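K.L.:
Got a structure for you, questions after.
The values are calculated or read from the model by the stated rules, or taken from the named source; none is laboratory data. If you're wondering where the values come from, they're calculated on a predicted model, not measured in any experiment. When we count neighbours, we look across all protein chains shown, and the Cβ atoms used for this are built from the backbone with ideal geometry, even at glycine.
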Amino acid sequence: MNQERAIWVVGDYRNYFQNRVTLQLLAKAGELAAKMDGTVCAVVMGHGVEEWVGEYQAHGAQRIYVMDHPLLSEYLPGLFARALESLARQRRPEIILIGATSFGKELAARAASRLGTGLTADCVDLYLDQEGRFVQVAPAYGGNLLAEIVFPRHRPQMATVRPGAFAEMPHDASARAEIIRLDPPAGLSGDGVRLVSCRRLGYQGEDLENAKVVICGGRGLGSRKKFKNLHELARLLGGEVGATRPVVHADWAEEERLVGQAGKHIKPRLLFSLGVSGAIQHTAGIADPEFTIAVNKNPLAVMMQKADVAIKADAHQVALALIRELKARGSS
Amino acid sequence: MRIVVFVKQVPAVSELPWDAKTGQLRREAAEGMMDPAAKRALEAALRLKDAHGAQVIVISMGPPSAEETLREAVAMGADRGFLLCDPRLAGADTLATSYTLARAVGALSPDFDLILLGCHSADSETGQVGPHLAEELGLPAAAYVEKMALKGRKLTVERVSDGWLETLEMDLPALLTVTARAFRPRPVPMTGLEQAFGQGEVFILSAADLRADPEHVGWAGSAGRIIKIYAPAAQKKGELIQGTPKACVRELMARFGDRLGGLLAKDLSGEEQA
Amino acid sequence: MEFNPCMKHKVVRGAAREFAEGELGPIAAEIDHQARFPWEAIEKMGALGYFGLQAPRRMGGAGLDSISYAITIEEIARVSAGVALCVTVHNSVCLYPLLNYGDKEQIARLAEDLITGRRIGAFCLTEANAGSDAGAVETTATAVEDGYLINGTKIFVTNGGVCGLAHIFAKTDPPDPRSAAVLMVEKERPGFSVGEIEDLSGMRANPVSSLFLEDCLVPRENMLGKPGQGLKIGLAALDVGRLGVAAQALGIAQAALEAGTRYAKERQQFNKPIASFQTIQNYLADMATQTDAARLLLYRACAQKDAGKPFATEASMAKLYCSAAAREVANLAVQIHGGCGYSREYDVERYYRDAKVTEIYEGTSEVQRMVIARGVLSRPS
C-alpha cells in the first residue's frame, strides 16, 4: 500500500541562526527526490514549533510531520529518538537525513539503533548512482580518505550530513506543504535522563562559524606563545581564529576554536591557514572559501596544495611579517 | 560500583600512508596508541574509583596489538581488561560494533553501574558508538560530557551540545561519552607497568565467547557496504611564493593586495584615501 | 633469537614517550638555555616511579627489567638528555648500590626517599686528581668514636646542586688504594656543602657541581659495605651506570636521526627536498644504521644482565658504541641542517652539545676500550 519513497529531513532548530543545516538538507532532499520520484518530508518535533513548520514549508518540504506536544518541550535526544522511531515505523521512509550537529548526531545514532538500521556519519555528499542506489560519501579511516557507502538491505537508510555541505534553497513564502499533525506515541517517555537546567553559552565559536575571514593555526606555528599572535592578526584582518586538533590537544587554543569534522564548520570568504598540514578531519570543516592563503614550510602539505596562494616559509615568521605589514598599511 | 570503559587502539600518527593500488591503509606502518578520547573516559572512571571506590573494567575490540592498550589501562589503574579479538568481528560499522560491545557487557559485567566511552575516536570521529550502545542496553545516556558528580545512585553531569550548557541527571546504571577537553588523563605510572603484565589482568575473547550472533557482528552484521574509497581531490593550481617571511608578505601584498582588500572590504594600498 | 620488542617493552616505551613529550618536550630547550633544573617535572617523575625504575615493587619501586630501564632512559633522553642524566645517575649509581650492598637497616632508612624522588641521588668519585684512575681519590674518611669524619672535594658531580644523598668515595687508610670505601652522606649533614654549578657545554639542565666535605661527620651505619669494598662497589655500580649512559646516548642519537630526517624532507634547495640528494641520503643511511646498531648492542647487554650473566664487557661495548653513535649522528644532523643546525633555534644544536659528554663521563671511551680489551683477552682462546 505504501509505495511512496519518502526522504525525511529531521528538523534541528535549536540554533537556527547559526546552523541552517536542516534547510540545506531539504534542498538536497529535493534534488534526490526528483530523481527517485520521491517526496521530501520534514519532521518537526517539539513544543511550540509552528515557526519551523512555516520555515520548512518555504524551503522545499512537500510534506511536514508535526509532533507538537508539551511532552516534547525538552530538547533531549533520548526522547526525540523514541518519537522519531515510532513515526518511522508507521510511515516507513526510504531515507532519513539529519544534520551532523551535536544534537543531530546523538539523535540519529539513537534512532538508528532503535530502528535496527545503519547510519553513516558526517556525510559530505549524497547522490543516487546509475543503479538508483543511495550513495553516501563520508570521511573514512581517520579522515584521510573518502568512502562511498550504500546500504543494500537496511531501511530506512540514515545519514548525518555535515553543515555547509549543501546550499539551501531561497525562501519561497508561496510554497505549500501537506501538513500532518500527530500526537506523540502513547506513553512516550525519554530514556530516564532529566534536564536540570540549560543555558546558551557565550562565545562558543558562533562568530567563527559565521566569520567571513578565518585565520586557522596548526602545529606548524611552533608553540602556544606563537599561536597567540594569530589573535592580533585576526584583529587586524577583522577575522576569527580557528585551530586544528593537535593545537587544541596541546592546549594552545580552546576547544571552541577547533575547526573540523568534530568541531566548528566554517565557511569563510577568506581563509588564512598557518602551519596547518590539512588532514581531512580539519578540512572537512571548511566549506569552499573563495580565497585561501596557506603558509607552511612543507610545500607538499595538503593545505598548501589546496590554497590559492601557498607561501613556503615559517608560519610564525610570516604571521609576524603580516602583522607588521598590515600595521604599516594602516589597518590597525 | 562497577564501571565499564570502552577503549580503542588507534594509529599514533594522524596521516597514515595509503596504498593507492589496493585502497588499504598501511596500518602496520604506525605504532598504535590508546585513543585520546577513550583515555579521557578511562580517566573519568579512575577519578570515580579514586573518590568512591570502584571496579574498573576495560574492554576493547580490535587486533591482537590492541592488548597493549588494555595493559596500559591496567597500568593506569584499571582492574581488568578484555580484548574482543576475532577475525569475524573485523570490518564492523557502528551498528555491528555496538551490538558486539553490548554482548560483551552482558557476558563480562552484566551488573555494571556505569559505562564510559570517548565521544569521538581519533581515527573515525563518528561519535555514534556511545549513543548506539545506550539504546542496545536500554540505558539513560548523555554524550559530550565534561563534568560529572555522583551522589548515591544519582549521577549529575554537565555537557555542552551545540553551544548549550546542559545539566542532566540520571540514575545508575547509565552510559556517558566524554569529550576530549575534560578529564585530562594521568600519565602512566612506571610503578604500574610490571603489574599490568602479570597473570589474570587481561583476557582475550572471541565472538563465540560472547555468544554473539555471527549475523550481527563484523562485516556481516554491518549495514553499510563501501563501494569506493579514494583520497579526496585536493589539487587546485595555486601560486607558490617563497623567500624570507618579509619578502613573502611583500609579494603577497603586491600581487594579491587588491583581491585581499576586496575580500576584507578594506583598502590595503597603504595610501591615504582621498 | 628474538629481535622484536615484546608487548611490555612497547608499552613501557609508549608510557615514557608520552610523559617525556608531554611534560619535558615543552621545556627541554628552555631548561638547557637557562641551565635550569626542572623541579616541577622532577616531582611528577618521582610520583610516577621514575626514581625507582628497577627498585622492587614491594618497596614502591617500578620493578622493571633492564631493557625496560634502558628504554625509559632512552625515551627521556630523546626529549631532554639533561633530565635523563639526572634519572639514570640517580637510579644506577646511587639507588642500585644501596639496594645491592646496603644492609637491611640502611635500605629501610634511605631507600624510600630515593625511590620516591624526595632525595635525588649522586655518585661522587671524580676529584681534581682522580678520574679514570679511581684508586687515586684523595678524600679521606677518618674513623672517630662516633663514625667517620670526611674531608675532601669532589668535582663534576652529576645532580650535585640538587642531591639529597651522595655516595662519597673516600679512603679510610690513605694513601692505600685498597682502603677506599663508600660513605652515604645526606645533604643536611654539617660539613657538607655544594659548590658553584658548572657552566658546561651540554647537559645544562643538570646542576653538575663540586661538593665540599669539611670535617663532615657521618655515623658508622652510613658506610655502604665494608671498609676496602669501595672500589668493588664503585665498579659494579659503574657497570650498571654504563647501561644508563648508553641508553641516554641512544636517545640523543634517535632524536637527532628524527630531526635530521624531518628537516631533509622539508628543506628545499634547487626546487626539491634535500632528502632527494644522494649525499644527504648517505648521511641518513649512516645515521639510521649507527642508531640501530647502538640499540641492538645496548639491549643485548641489558638482556645479559637480566639473565644474571656477566655483562661488564657488553655494557662497555654498548657505552662505547652508543656514545660514539650519538656524537656522530648528532654531528650529521647538524650538517643536514646547515646554518640552522648551528642556531639555538633548532634542537639539533643541543643534541650535538649533549652528545659529546657521553663519550667522557661514566668512564671515557678510552677506559671502555680498556675494559673491553680485558674481557677479550681473558676469553679462552
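K.L.:
Is it the case, given these coordinates, that C:LYS171 is charged (D, E, K, R), more than 21 Å from the chain's Cα centre (by Cα) and more than 27 Å from C:LYS356 (Cα to Cα)?
P.N.:
yes
K.L.:
Also: Just the residues that are away from every other protein chain (no Cβ under 12 Å) and acidic (Asp, Glu), please, taken from region B:64-86.
P.N.:
Result: B:ASP79, B:ASP86.
K.L.:
Do we find that A:ARG89 is more than 10 Å from chain B (Cβ to nearest Cβ) and either of a type outside the set (Phe, Trp, Tyr) or in a loop (DSSP other than H, G, I, E, B) (or both) in this structure?
P.N.:
Details: more than 10 Å from chain B (Cβ to nearest Cβ): yes; either of a type outside the set (Phe, Trp, Tyr) or in a loop (DSSP other than H, G, I, E, B) (or both): yes.
Taking the combined requirement at face value, the residue satisfies it.
K.L.:
Would you tally the residues in region C:328-373 being assigned to a helix (DSSP H, G or I), in contact with a Ser or Thr (Cβ under 8 Å, 6 or more places away or on another chain), within 18 Å of C:ALA246 (Cβ to Cβ) and in contact (Cβ under 8 Å) with a residue 60 or more places away in the chain?
P.N.:
Looking only at that region, the number is 7.
K.L.:
Across region C:42-59, what is the total count of residues that are of a type outside the set (Phe, Trp, Tyr) and facing chain B (nearest Cβ under 7 Å)?
P.N.:
Final tally of qualifying residues: 4.
Residue-wise test of (1) touching a strand residue (DSSP E or B) at 6+ places or on another chain (Cβ under 6 Å); (2) in contact (Cβ under 8 Å) with a residue 12 or more places away in the chain; (3) of a type in the set (Phe, Trp, Tyr); (4) under 23 Å from A:ALA287 (Cβ atoms).
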position: A:LYS105; (1), (2), (3), (4): yes, yes, no, yes
position: A:THR120; (1), (2), (3), (4): yes, yes, no, yes
position: A:TYR127; (1), (2), (3), (4): yes, yes, yes, yes
position: A:GLY132; (1), (2), (3), (4): no, yes, no, no
position: A:LEU145; (1), (2), (3), (4): yes, yes, no, yes
position: A:ALA159; (1), (2), (3), (4): yes, yes, no, yes
position: A:GLY164; (1), (2), (3), (4): no, yes, no, yes
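K.L.:
Is it fair to say A:ALA310 is in a loop (DSSP other than H, G, I, E, B) and in contact with a strand residue (DSSP E or B) (Cβ under 8 Å, 6 or more places away or on another chain)? If you could, list the steps in order and put the result at the bottom.
P.N.:
Details: in a loop (DSSP other than H, G, I, E, B): no; in contact with a strand residue (DSSP E or B) (Cβ under 8 Å, 6 or more places away or on another chain): yes.
Here the answer is no, as A:ALA310 does not meet what is asked.
K.L.:
Name the single residue that is farthest from A:LYS264 (Cα to Cα) among those in region A:111-132 being at the interface with another protein chain (Cβ under 8 Å from one of its Cβ atoms) and within 18 Å of the chain's Cα centre (by Cα).
P.N.:
Only one residue tops the list, namely A:LEU119.
K.L.:
If you scan region A:301-314, which residues turn out to be of a type outside the set (Lys, Arg) and within 9 Å of another protein chain (Cβ to nearest Cβ)?
P.N.:
A:VAL302, A:MET303, A:MET304, A:GLN305, A:ALA307, A:ASP308, A:VAL309, A:ALA310, A:ILE311, A:ALA313, A:ASP314
K.L.:
Please verify whether A:ARG153 is within 20 Å of A:TRP8 (Cβ to Cβ), part of a loop (DSSP other than H, G, I, E, B) and free of Cβ contacts under 8 Å to residues at least 60 places away in the same chain, treating the condition exactly as stated.
P.N.:
So A:ARG153 passes the test.
Conditions tested, residue by residue: (1) more than 7 Å from chain B (Cβ to nearest Cβ); (2) surrounded by fewer than 22 Cβ atoms within 10 Å (Cβ to Cβ); (3) at pLDDT below 85.
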| residue | (1), (2), (3) |
| --- | --- |
| A:TRP252 | yes, no, no |
| A:PHE291 | no, yes, no |
| A:PRO299 | no, yes, yes |
| A:ALA319 | yes, no, no |
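K.L.:
Sticking with this one: Answer yes or no: is there a residue in region A:146-157 that is facing chain B (nearest Cβ under 9 Å), under 22 Å from B:GLY163 (Cα atoms), among the small types (Gly, Ala, Ser) and out of contact with any helix residue (DSSP H, G or I) (no Cβ under 6 Å at 6 or more places or on another chain).
P.N.:
Within region A:146-157 (the criterion being facing chain B (nearest Cβ under 9 Å), under 22 Å from B:GLY163 (Cα atoms), among the small types (Gly, Ala, Ser) and out of contact with any helix residue (DSSP H, G or I) (no Cβ under 6 Å at 6 or more places or on another chain)), the answer is no, since none of the residues qualifies.
K.L.:
Mind counting the residues in region C:261-283 that are free of Cβ contacts under 8 Å to residues at least 40 places away in the same chain and closer than 30 Å to C:ARG369 by Cα?
P.N.:
The number of residues fulfilling the criteria is 1.
K.L.:
A further question on this structure: Here are the criteria: (1) among the aliphatic types (A, V, I, L, M); (2) touching a strand residue (DSSP E or B) at 6+ places or on another chain (Cβ under 9 Å); (3) within 9 Å of chain B (Cβ to nearest Cβ). Tell me which single one A:ALA81 does not satisfy.
P.N.:
(2)
K.L.:
Hey, among the residues in region A:260-287 that are touching a Ser or Thr at 6+ places or on another chain (Cβ under 7 Å) and in a strand (DSSP E or B), which one's surrounded by the most Cβ atoms within 10 Å (Cβ to Cβ)?
P.N.:
A:SER273
K.L.:
Tell me, please, whether a residue that is farther than 30 Å from A:ARG133 by Cβ and surrounded by fewer than 18 Cβ atoms within 10 Å (Cβ to Cβ) can be found in region A:53-60.
P.N.:
yes
K.L.:
Got a number for residues in region A:133-150 being over 17 Å from the mean Cα position of the chain (by Cα) and part of a strand (DSSP E or B)?
P.N.:
Looking only at that region, the number is 7.
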